[in-house]
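Working notes for the structure below.
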Amino acid sequence: MLALLSSLPIGAPALPLDEAGKYVAGAYVVFLVLLVVYVAIMAAKVQRIERELRELAGFAEARSEEKAEHEAEVAEVGGG
Amino acid sequence: MYGKGLRTLSIATVATLALALSLTFFYAPLDADQGFIQKIFYLHVPLAIVALLGFVAGGVFAVLHLRGGDSRWDAYSYVSIHMSVIFGVAVLVTGSIWAKASWGHWWVWDEPTLVSFLIVFLMYATYYPFRYAIEDRERQARYASVFAVTAGAFVPLNFIAVRMAESLVHPRTFATANGGLPGEMMLTFLVSLAAMGLLWTTLVKFELTAKSASGQLKRLRRALDAPAPGGASRVAPEVS
């Protein structure tokens, strides 16, 4: 059991978060922040595309309904 | 089309990044000279290599665009350069942090490696104003491709010049035949490099997919003759 624990990351010694540790943490945090900011920007773009697509679908549906109404009116006039 | 395989690629990227971080902090031994600070090496150097290769890839895609005139290659070139500029920001920041911890200065102007990377980065930073100063889309793509080819050719030349120059403080890790790294460090470095390469590829694919969706949406809007939404003008190249 102890051998297994020592092979796991949780069994590893604590990270030396002294002066050097702060710089190392800083570098990795900067990388992570850049990545998160990029993903957030891309998520906003994808949301915008989704919203525009919804608007466009609504527009296409409304136009199709209008067309159907118009055709029904024409048929009514033609039949009468 | 661009989104094909994106899920698999994303999973592979996250898994490789997790493995790289685990190896960095729990497997790779502490450097005898720098100690714990050297852990930045596994982030900073792969980022720099991938960023520089991304600039070269941008040049290769630009050549394909100039040869065939296919706007998809222009989009590939643009996104490759865009992603490498973002990686370049990370390289400069992580490098500065490492420099401060190791040498006591955020930046050393006498060091060829640092200054040459800054020159490459600033050169690519001019890509955006250069590109968007041209309104006509075809001319814009053509001129941007010429820029990408020229700058892409400059990157390896610059790298060779830096390797030939005398280094003052920046280490030459891979200057020896075996890379100058013990086995555990080399393995960790290679996994980190693979992780960064995968991350770059995933983000490029992600960005291309978003651009393609945006382009298709505009085509659909034009076909339906629908009104354009407010503030939706995009300057980046579209792919369909």
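Rule-based calculations on the coordinates, nothing more; no lab input. All values reported here derive from a predicted model rather than from experimental measurement. Neighbour counts run over all protein chains shown; Cβ positions are idealised from the backbone, glycine included.
Odds and ends about this structure:
- Exposure proxy ranking for B:Lys100, B:Lys205, based on other Cβ atoms within 10 angstrom of each Cβ and starting from the fewest, stands as B:Lys100, B:Lys205.
- Toward the positive end of the charge dipole of chain B, with +1 on the Cβ of Lys and Arg and -1 on the Cβ of Asp and Glu, the farthest Cα among B:Leu6, B:Pro129, B:Phe147 is that of B:Leu6.
- Each Cα pair under 8 Å and six or more residues apart adds its sequence gap; the mean of these over the residue count of chain B is a relative contact order of 33 percent.
- For chain B, diffusion coefficient by Stokes-Einstein and Kirkwood Rh (Cα), 37 °C, 0.692 mPa s, µm²/s: 167 µm²/s
- Gain on full stretching of the segment that runs from A:Ala75 to A:Leu53 - 0.36 nm per residue minus C-alpha separation: 4.6 nm
- Other residues lying with their Cβ under 14 Å from the Cβ of A:Glu65 contribute a combined charge of -3, Lys and Arg counting +1, Asp and Glu -1.
- In Hz, Karplus ³J(HN,Hα) per residue of region A:44-56 (6.51, -1.76, 1.60; θ = phi - 60°; x = Gly, Pro): 5, 5, 4, 4, 4, 4, 4, 5, 4, 5, 5, 4, 5
- Cut-off under 5 Å, modelled amide H: who pairs with B:Asp31 long-range: B:Gln38
- For region A:15-79, Kirkwood radius (reciprocal of mean inverse C-alpha pair distance, Å): 16.7 Å
- Candidates A:Leu35, A:Ala60, A:Tyr23 compared by Cα position along the dipole of region A:15-79: farthest toward the positive end lies A:Tyr23, with charges placed on Cβ.
- Taking other Cβ atoms within 10 Å as a rough exposure proxy, B:Leu217, A:Leu53 sort from fewest to most as A:Leu53, B:Leu217.
- Which of B:Ile119, B:Ile37 has the fewest Cβ neighbours within 10 Å, and the rest in rising order: B:Ile119, B:Ile37
- The dipole here belongs to chain B: it is taken about the Cα centre, uses +1 on the Cβ of Lys and Arg and -1 on the Cβ of Asp and Glu, and is about 920 debye.
- A simple charge model with +1 on the Cβ of Lys and Arg, -1 on the Cβ of Asp and Glu and nothing else charged puts the dipole of region A:15-79 at about 620 debye relative to its Cα centre.
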